[in-house]
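Participant: Structure in structure tokens, see below.
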Amino acid sequence: MDGTILVADDDRTIRTVLTQALTRAGCKVHATSSLMTLMRWVEEGKGDLVIRAREIRSLTDEKRLLATGGVTLVDGDITTTGASLLYNDNTGEATIVAGRVGNQNVPARSVNAKERATLSGNSLLHNVNRSQVRVLAQAPRLPVNDFRKLSEQ
């Protein structure tokens, strides 16, 4: 894993664990508890990719993460949103799926501000290495069980 990762979480322990794991994986990490600081860093172009969600779980050795609870992926001019996201850093691909968040249906949607283009569907494949998004014909099942905590197994 190369690049700069921006971490924002109000829990100091989570910030510390993420920072240590990402640094061991070869990333440069900026960490903060402030959403305002995170947004300033994004505007300054300090991060290569921003993933926001209610909950994010990662498998550091496999270079994969699962984000749930309403997600936003910002990749330059492209912003992709949905209910859940599976990101694989080995391929640079994020699968974003529609679904329920709380009592609302959340579509999978991608907006390219520069090109003024919008895509939406049940699931999208966002390749951050190519800055491309496409609609998937069939929504994949996210491997939620792979990301269970030991206390949940």
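Participant: Of the residues Asp61, Asp89, Asp48, Asp77, which single one is farther than 28 Å from Thr13 by Cβ and modelled with pLDDT under 95?
Facilitator: Result of the check over Asp61, Asp89, Asp48, Asp77: Asp77.
Participant: Pick out the one residue from Glu55, Glu62 that is assigned to a loop (DSSP other than H, G, I, E, B), under 16 Å from the mean Cα position of the chain (by Cα) and either of a type in the set (A, V, I, L, M) or surrounded by fewer than 18 Cβ atoms within 10 Å (Cβ to Cβ) (or both).
Facilitator: So the residue among Glu55, Glu62 that is assigned to a loop (DSSP other than H, G, I, E, B), under 16 Å from the mean Cα position of the chain (by Cα) and either of a type in the set (A, V, I, L, M) or surrounded by fewer than 18 Cβ atoms within 10 Å (Cβ to Cβ) (or both) is Glu62.
Participant: Which ones in region 109-139 are assigned to a loop (DSSP other than H, G, I, E, B) and surrounded by 12 or more Cβ atoms within 10 Å (Cβ to Cβ)?
Facilitator: Asn122, Val128, Ser131, Leu136, Ala139 - these are the residues of region 109-139 that are assigned to a loop (DSSP other than H, G, I, E, B) and surrounded by 12 or more Cβ atoms within 10 Å (Cβ to Cβ).
Participant: Looking at Asn129, Asn112, Asn122, Asn88, which one is under 12 Å from the mean Cα position of the chain (by Cα) and touching a residue at least 12 places away in the same chain (Cβ under 8 Å)?
Facilitator: Asn88 is the lone residue from the list that is under 12 Å from the mean Cα position of the chain (by Cα) and touching a residue at least 12 places away in the same chain (Cβ under 8 Å).
Participant: From the list Val50, Val101, pick out the single residue that is surrounded by 14 or more Cβ atoms within 10 Å (Cβ to Cβ) and over 14 Å from the mean Cα position of the chain (by Cα).
Facilitator: Only one candidate qualifies: Val101.
Participant: Would you mind telling me which numbered condition in (1) polar (S, T, N, Q); (2) surrounded by fewer than 15 Cβ atoms within 10 Å (Cβ to Cβ); (3) not assigned by TED's automatic domain parsing to the domain that holds Arg134 Thr19 fails?
Facilitator: (2)
Participant: Residue under question is Thr37, and the condition is that it be touching a Leu at 6+ places or on another chain (Cβ under 8 Å), more than 17 Å from Gly92 (Cβ to Cβ), touching a residue at least 12 places away in the same chain (Cβ under 8 Å) and not assigned by TED's automatic domain parsing to the domain that holds Ser131; does it hold?
Facilitator: Spelling it out, it is not the case that Thr37 is touching a Leu at 6+ places or on another chain (Cβ under 8 Å), more than 17 Å from Gly92 (Cβ to Cβ), touching a residue at least 12 places away in the same chain (Cβ under 8 Å) and not assigned by TED's automatic domain parsing to the domain that holds Ser131.
The values are calculated or read from the model by the stated rules, or taken from the named source; none is laboratory data. What you are looking at is a predicted structure, and each value in this text was computed from that prediction instead of being measured. FYI the Cβ positions are ideal-geometry reconstructions off the backbone, even for glycines, and counts take in every protein chain you see.
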